[in-house]
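In what follows, a single structure is set out as structure tokens and then discussed.
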Amino acid sequence: MSIERVGIVGGGQMGAGIAEVCAKAGVDVIVHEINDELADAAEARVLKSLARAVEKGKLDGDAHGAAISRLRFESDLMLMADRQLVIEAVVEDERIKTELFDHLDRIVKAEDAILASNTSSIPITRIGRATQRPQSVVGMHFFNPATVMPLVEIVHSVTTSDETAAGAAAFAGDVLGKVVVHTKDRAGFIVNMLLCPYIFEAIRMYESGFATKEDIDAAMVNGAGYPMGPLTLADLIGNDVMLAVAESLHAEYGEPQYSAPPLLKRMVEAGMLGRKTGKGFYDYT
Ligand code: 3HC
């Protein structure tokens, strides 16, 4: 199946980034948000990023216009009916995701359509179970910023069919030009299972007063070759997402290195989610 019509549910930082990548790759994209105001905000997010790409000379005027013409931002989920691939990128809340997949199952018409989740922490098997077609449900895990990071993890649940996984992988690799890796459906997949305990340790180190946040970040950039330090990265990913990943990893494996540092919980309770709220480990206001 050649995928030409994609739906993205959720126009936050990940959904907007994925939508932009799809539109630039020549695919017709509908981004769904829960109301018109949020749909407008998602549109503004993508347009700003596309304009920045033009400014930087990464996109010419024609390609910019073409990408915009392929994008629609809507609040009616019924518009997902004709989509061949729907990628869900809503908040990391299992109840919200399973309800959404139940709706998508009833709305999306094509029997061979792929229903994908960009979840970083919720088992794809549980999301698939919310539908009558778990064989068509797969994980497509993009990385933040989605417009820049080359990787997509294709997550095979115990019920995902080989055709679905192959279709999602072909779309991510051949159409979007991403690097594709395959993983089974266990918490953290490949990247978060390795990356997140490292970030949690950095938070514990900072919380205990062992070193300043600036020194922890500078150490890992200059001593270990990371593009950004762990606390800066937590702010980029979003501390709420970090907490959701910690809870999921800890629930799955029960090992202390996966537990959420208390400081991370307090910061999320205080709304210090990182760049997206203007405050996290650092101040972005
Ligand atoms: N949003 C969108 N684009 C951004 C961005 C942001 N917040 N920050 C930077 N960029 C873009 C820039 O526009 C630029 O794009 P261009 O090459 O097309 O012009 C590109 O990134 C490079 O930017 P800069 O030259 O300004 O900055 P850097 O060289 O410092 O790169 C970075 C920025 C790409 C974010 C780099 O620091 C990096 O790779 N950091 C690590 C990111 C990472 O590890 N992401 C994975 C997180 S884990 C995850 O997402 C999984 C989830 O489930 C938790």
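The values are calculated or read from the model by the stated rules, or taken from the named source; none is laboratory data. Since this is a predicted model, take the numbers as computed values, not measurements. Note that each Cβ is placed from the backbone with ideal geometry, even for glycine, and that neighbours are counted across all protein chains shown. Note: accessible area is taken over every heavy atom of the protein model, side chains too, but ligands, DNA and RNA are not part of it. Shrake-Rupley method; radii C 1.70, N 1.55, O 1.52, S 1.80 Å.
Among Glu92, Glu214, Glu247, which one moves the most in a GNM of the chain with springs linking Cα atoms closer than 10 Å?
Looking only at Glu92, Glu214, Glu247, the largest GNM fluctuation is found for Glu214.
Tell me, what is the FRET efficiency for Lys58 and Ala251 to the nearest 0.05, using R0 = 41 angstrom and their Cβ-Cβ distance as r?
Plugging the Cβ-Cβ distance into 1/(1 + (r/R0)^6) gives 0.50.
Evaluated at 25 °C with a viscosity of 0.890 mPa s, what Stokes-Einstein diffusion coefficient in µm²/s does the stretch 192-276 have when Rh comes from the Kirkwood expression over alpha-carbon pairs? Mind dumping the intermediate values first?
Values: Rh = 12.8 Å.
Result for D is 191 µm²/s.
About the Cα centre of the chain, what is the dipole size in debye to 20, counting +1 per Lys and Arg Cβ and -1 per Asp and Glu Cβ, all else neutral?
Working: 27 positive and 40 negative charges, 59 e Å.
Roughly 280 debye, rounded to the nearest 20.
Taking the solvent-accessible surface of protein heavy atoms with a 1.4 Å probe, what is the per residue accessible area of the stretch 192-276 in Å²?
Numbers: 4050 Å² over 85 residues.
So the stretch 192-276 comes to 48 Å² accessible per residue, rounded to a whole number.
Kirkwood-based Rg over Rh for the chain (C-alpha set), two decimals? Each step should come with its number before you reach the end.
Values: Rg = 18.7 Å, Rh = 19.4 Å.
Ratio of gyration radius to Kirkwood radius: 0.97.
Going out from 0 in 5 Å bins, what whole percent of all Cα-Cα distances in the stretch 236-277 drops into each bin?
5, 27, 30, 21, 12, 5, 0
I'd like to know how the stretch 134-231 sits against the 2.2 N^0.38 Å rule of thumb: what's its Cα Rg over that expected value?
Numbers: Rg = 17.0 Å, N = 98, 2.2 N^0.38 = 12.6 Å.
The stretch 134-231 yields a ratio of 1.35.
Given the DSSP H assignment, sum -39500 (n - 2.57) over each helix run of at least 4 residues in the chain and divide by its residue total; what's the result at 222 nm in deg cm²/dmol, nearest 500?
When only DSSP H runs of four or more count, the value is -14000 deg cm²/dmol.
Give the separation of the Cα centroids, the stretch 151-226 to the stretch 126-142, in Å.
The two parts, judged by their Cα centres, are 20 Å apart.
Label-point separation (nm) for Thr183 and Ala219, each offset 7 Å from Cα along Cα-to-Cβ?
The answer from the label model is 2.6 nm.
Once the dipole of the chain is set up with Lys and Arg at +1 and Asp and Glu at -1 on Cβ about the Cα centre, which of Met149, Val46, Ala23 lies farthest towards its positive end?
It is Met149, whose Cα lies furthest towards the positive end.
Please work out the Cα center distance from the stretch 88-109 to the stretch 36-66, rounded to the nearest Å.
One Cα centre to the other: 27 Å.
Per-residue HN-Hα couplings for the stretch 8-20, Karplus 6.51 cos²θ - 1.76 cosθ + 1.60 at θ = phi - 60°, whole Hz, x for Gly and Pro?
Values per residue, Gly and Pro as x: 10, 9, x, x, x, 4, 6, x, 5, x, 5, 4, 4 Hz.
Can you tell me the dipole magnitude for the stretch 192-276 around its Cα centre, using point charges on the Cβ only (Lys, Arg +1; Asp, Glu -1), in Debye to the nearest 20?
So the magnitude is around 160 debye.
Over the chain, what percent of the accessible surface lies on carbon and sulfur atoms, probe 1.4 Å?
54 percent
Any idea which of Val191, Ala246, Ala219 is furthest toward the positive side of the dipole for the stretch 188-256, if Lys and Arg beta-carbons carry +1 and Asp and Glu beta-carbons -1?
Value: Ala219.
In debye, nearest 20, what is the charge dipole magnitude of the stretch 26-119 about its Cα centre with +1 on Lys and Arg Cβ and -1 on Asp and Glu Cβ, if you could check?
Approximately 440 debye in magnitude.
Go through Pro262, Ile107, Ile124 and say which Cα lies farthest out towards the positive end of the charge dipole of the chain; charges sit on Cβ, +1 for Lys and Arg, -1 for Asp and Glu.
Towards the positive end, the residue furthest out is Pro262.
Using only the heavy atoms of the protein chains and a 1.4 Å probe, how would Asp215, Asp162, Asp235 rank by accessible area, largest first?
Asp162, Asp215, Asp235
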